[in-house]
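Undergrad: Starting off with a structure, shown below.
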Amino acid sequence: MADFDMVLKCWGPVEADHATHGSLVLTRLFTEHPETLKLFPKFAGIAQGDLAGDAGQPRHATKHKIPIINFKLIAEVIGKVMEEKVGLDTAGQTALRNVMAVIIADMEADYKELGFTE
């Protein structure tokens, strides 16, 4: 629980402006891992520089079968954005990695149970 509590200490500003932070995370994900863009057909044909302002980004969350490795990538990007924008320190980043590892492991188990394989 200590890891969750540490992450929650910095979560308020993220939650207060989730649209901006979500956009920053996706834009960073696409910049650092361009191969992930193909997993979001909604953004096909949109220039990399224009993605940050795309209002369609929030809609991606309801339709996906994203391979688990990409959740690991986005978790790292979330940590970087939280470090830059809300002051998540090194201990907080470690806590976030631990929390995300639990969430991703649960998702991976659900994927297997539902028959979604990568």
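Undergrad: May I have the extent of the alpha carbons of the chain along their three principal axes, as whole Å values ordered from largest to smallest?
TA: Projected onto its principal axes, the Cα set of the chain covers 41, 36, 22 Å.
Undergrad: Which residue fluctuates the most in the chain, going by a Gaussian network model with Cα springs under 10 Å, if the choices are Gly22, Gly45, Gly92?
TA: Gly45
Undergrad: Where does each of Met100, Met82 land when they are ranked from fewest to most other beta-carbon atoms within 10 angstrom?
TA: Numbers: Met100 19, Met82 23.
Arranged by neighbour count, lowest to highest, Met100, Met82 become Met100, Met82.
The numbers here are math on the coordinates, done by the rules we state, and not lab data. Only a predicted model underlies this, so the values are computations on that prediction, with no experimental measurement involved. FYI the Cβ positions are ideal-geometry reconstructions off the backbone, even for glycines, and counts take in every protein chain you see.
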